Amino acid sequence: MKKLMLAGLLLCLTASMALAATPGLNFTWNEAANGKCLAAIIANEDWDCTIEGANDGAFQAVGSFTPPVAIAGFSAMGALVDGQTAAEMPAWWQSVNAGSCRQNAVQSGVGVKGSPCTVSLWPGTAYGGIGAWQTALYPPPAPNNAPLPNRLRIKVGYAMSASTVNLLTTNEYSTFVLNMDTTNSMDDPANSIVACAGCSVGMTLVLNQIEAVGTAGSVFITDQKVNRCITWQGGAGANVCSVTPVRNTTWGNVKSLYR
């Protein structure tokens, strides 16, 4: 009888462990395009910037999270991604800002719907996007400090248009995507394309924080679940996945970027 009770307890414990999900952040390349689970992280992307078709590539970075606590009435999120190159940030990575070399090369969207291993965070319409793409050349407004010459900070924010959802600690939620094309990687006079230097330069991107806003306030997720560091062309060197944010940025700060 004792053995049967012990076996039952072990089964219950095993079931509880199966239901429990490790909280934290995940960041991966092309999760949707490849139909892979976020547990099968694609940590690096290499691209030949010198061959025919070098300007026609398309890549997608996907951010997701499992909350450490249940979040009732989730309505908005803000994410911080920090980037680093080994030397000064090249023109190829100057994007989004008006007048930058690759102004329209990176856009954002809400989390991937229907992926095999995650739950979409957005059951309906959401509004938002990239709130800031900050480099030494395009610094944040004063009194904020400008990034170092080899650093990049990306701020992404989205909010529900109407309804809210309840987030569970047993789910991993696809949250946002960064859609990046490889336009202006090489000269193409026939199509009036002038290359922005630096396509082959290694970049490391770290998803450092997601703020999930619910009815009880904000929950900041900063721990790693499986992987929160992705690289382009092998990254910026050793040990750069430890890039950390300068300070927390609240949803109010992120939201104000759209005003």
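Every number here is computed from the coordinates shown, using simple stated rules; none is lab data. Remember, predicted model here, so these are calculated numbers, not experimental data. Counting neighbours? That spans all protein chains shown, and the Cβs are built from the backbone with ideal geometry, glycine included.
Alpha carbons only, please: Rg and Dmax for region 21-256, in angstrom.
Final numbers for Rg and Dmax: 17.4, 56 Å.
Mind putting a number on the dipole of region 21-256 about its Cα centre? Charges go on the C-beta only, +1 for Lys and Arg and -1 for Asp and Glu, and I need it in Debye to the nearest 20. If you can, show how the numbers build up before the last one.
On the way: 10 positive and 14 negative charges, 172 e Å.
Its charge dipole is roughly 820 debye.
How would you order 88-95, 156-163 from highest to lowest mean count of nearby Cβ atoms within 10 Å?
Ranked from most to least packed, the peptides come out as 88-95, 156-163.
Among Leu178, Gly131, Met203, whose Cα sits farthest toward the positive end of the charge dipole of region 21-256 (+1 at Cβ of Lys/Arg, -1 at Cβ of Asp/Glu, about the Cα centre)?
Gly131
Quote to one decimal, in nm, the extra length available between Ala72 and Glu52 on full extension: 0.36 nm per residue of separation minus the C-alpha distance between them.
2.2 nm
By counting other Cβ atoms within 10 Å of each Cβ, how are Cys229, Cys199, Cys101 ranked from fewest to most?
Details: Cys229 22, Cys199 25, Cys101 19.
Ordered by Cβ neighbours within 10 Å, fewest first: Cys101, Cys229, Cys199.
Short version: ³J(HN,Hα) in whole Hz for each residue of region 100-106, in order, from phi by Karplus 6.51 cos²θ - 1.76 cosθ + 1.60 (θ = phi - 60°), x for Gly and Pro, what are they?
6, 5, 10, 4, 9, 7, 10
Give me Thr222, Thr175 ranked fewest to most by other Cβ atoms within 10 Å of their Cβ, as a rough exposure proxy.
Placing the least packed residue first, the sequence is Thr222, Thr175.
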